[in-house]
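Down below is the structure, laid out as C-alpha cells.
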Amino acid sequence: MTTASTLAAPVLILLAPPGAGKGTQARMLEETFGFVQLSTGDLLRAAVAAGTDAGKQAKAVMEAGDLVSDEIVIAILRDRLNDPDTRKGVILDGFPRTTVQAQALDTLLRETGQKVNAAISLDVDDAAMVTRISGRFTCGTCGEGYHDSFKAPQTEGVCDKCGGTDFKRRADDNAETVTQRLEAYHAQTAPLITYYDDKGALSRIDAMGDIQDIAAGLGAIVKSATA
Ligand code: AMP
C-alpha cells in the first residue's frame, strides 16, 4: 500500500523515445536536486535478472521491443514508491508509457493529495535514435553511460568514473528492436504529451543538443515546477 508520506514530494516525469537520453538526464537531476530516479525499465530488468514471476512474463516482451502489460508495470511502480527514499521526490524515467498508466499514477497521487509537478517531453529526431542506441553501453559497476562512436572511455575497457572494467550492453539495444520501441513510443506514449498538456503540466525541451545544455534547461524547468 502507498502511504501518504511516500508521495508527499515532487513528482516529475520525463517523456521521451528510447535513446533521447532520459536516463542520463534523470541521473543528472538526481544528483542536482536529490530526487530519486525511478526507471521502470531498470526495475523490470532487475525482475528479469532475479527470475521473479513478473520478470518471467516481461522478458520476451522487452526483447521484442514491446510494452510490458500495464498491470505488471503499475504493480512494480507502486511497490517501489513504498520505499522510504522516494520521499525525497521522484523523477519517473520511462513511466507512464500508456494512458492507463498515467491514470493509475493520477489515482495513486490523488490518494495523498499530490499531483504531477511537471511532465517534460525531451524532443528528438527519431532517425538519430537508432544510431545512438545501437552503440551504447554502460559501466556495470557505477552505471556511467558510454557510446562506441560518441563517448568511448578514455582508456579502453576502463570506466572513466569509477575505474570499473565490467561493461554491459542491453539485450534490446539493437537496430531491429529499437525500431519497434520507437513505434511503441509513438503509438502508446506520445499521446501522453497531450494528456499532460491538457492538465497544464507539460514542458518541452529540445534534446538534440549538448548534454550539459539540456541538463541546464531541464534544471530550470524542474526548479520552477517544484518551487
Ligand atoms: P527503458 O529502459 O525505459 O528503455 O525500457 C526498456 C523496456 O522495458 C521497454 O522497451 C519495455 O519493454 C519495458 N518497459 C519499461 N517501462 C515500461 C512501462 N512503463 N510500460 C511498459 N513497458 C515498460
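The values are calculated or read from the model by the stated rules, or taken from the named source; none is laboratory data. In this text the structure is predicted, and so the values were computed from the model without any measurement. All Cβ positions, glycine included, derive from the backbone under ideal geometry; neighbour counts span all protein chains shown. Please note that ligands, DNA and RNA were not included when accessible areas were found on the heavy atoms of the full protein model with its side chains. Shrake-Rupley method; radii C 1.70, N 1.55, O 1.52, S 1.80 Å.
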Computed ³J(HN,Hα) along the stretch 219-227: with the Karplus parameters 6.51/-1.76/1.60, θ = phi - 60°, integer Hz and x for glycine or proline, the list is x, 5, 5, 5, 4, 6, 6, 10, 5
For S203, the residues 5 or more places away or on another chain with a placed amide H closer than 5 Å to its own amide H are A119, I120, S121
About its Cα centre, the stretch 1-150 carries a charge dipole, from +1 on Lys and Arg Cβ atoms and -1 on Asp and Glu Cβ atoms, whose size in debye to the nearest 20 is 220
Taking R0 as 22 Å and r as the Cβ-Cβ distance between C162 and D213, the FRET efficiency 1/(1 + (r/R0)^6), rounded to the nearest 0.05, comes to 0.30
So D106 and T32, fully extended at 0.36 nm per residue minus their Cα-Cα distance, gain in nm 24.1 nm
With a 1.4 angstrom probe the carbon and sulfur portion of accessible area for the stretch 35-178, in percent, totals 50
With a Förster distance of 41 angstrom and the Cβ-Cβ distance between A50 and D198, calculated FRET efficiency to the nearest 0.05 equals 0.60
Per-residue ellipticity at 222 nm attributable to helices in the chain (runs of n ≥ 4 DSSP H, -39500 (n - 2.57) apiece, nearest 500 deg cm²/dmol) works out to -14000 deg cm²/dmol
Under the 7 Å Cα-to-Cβ spin-label approximation, K151 and R78 lie apart by a distance in nanometres of 3.6
The relative contact order of the chain, taking Cα pairs under 8 Å that sit 6 or more residues apart, comes to a percentage of 30
Longest principal axis of the chain (C-alpha) makes with the long axis of helix 53-64 (C-alpha) an angle, in degrees to the nearest 10, of 60
A chain fully extended from Q180 to K223 at 0.36 nm per residue, minus the present Cα-Cα distance, gains in nm 12.1 nm
To the nearest Å², the heavy-atom accessible area per residue of the stretch 105-148 with 1.4 Å probe amounts to 42
Rounded to whole Å², per residue accessible area for the stretch 4-74 with a 1.4 Å probe reads 40
With the charge dipole of the stretch 84-136 built from beta-carbon charges (+1 for Lys and Arg, -1 for Asp and Glu) about the Cα centre, the Cα from S121, L105, I133 projecting farthest to the positive end belongs to L105
Calc'd 3J(HN,Hα), the stretch 78-91, phi into Karplus 6.51 cos²θ - 1.76 cosθ + 1.60 (θ = phi - 60°), Hz, glycine/Pro = x, comes to 4, 4, 5, 5, 7, 6, x, 5, 6, 5, 6, x, 10, 10
Over the stretch 185-227, with neighbouring protein chains present, the accessible area per residue in Å² at probe 1.4 Å is 57
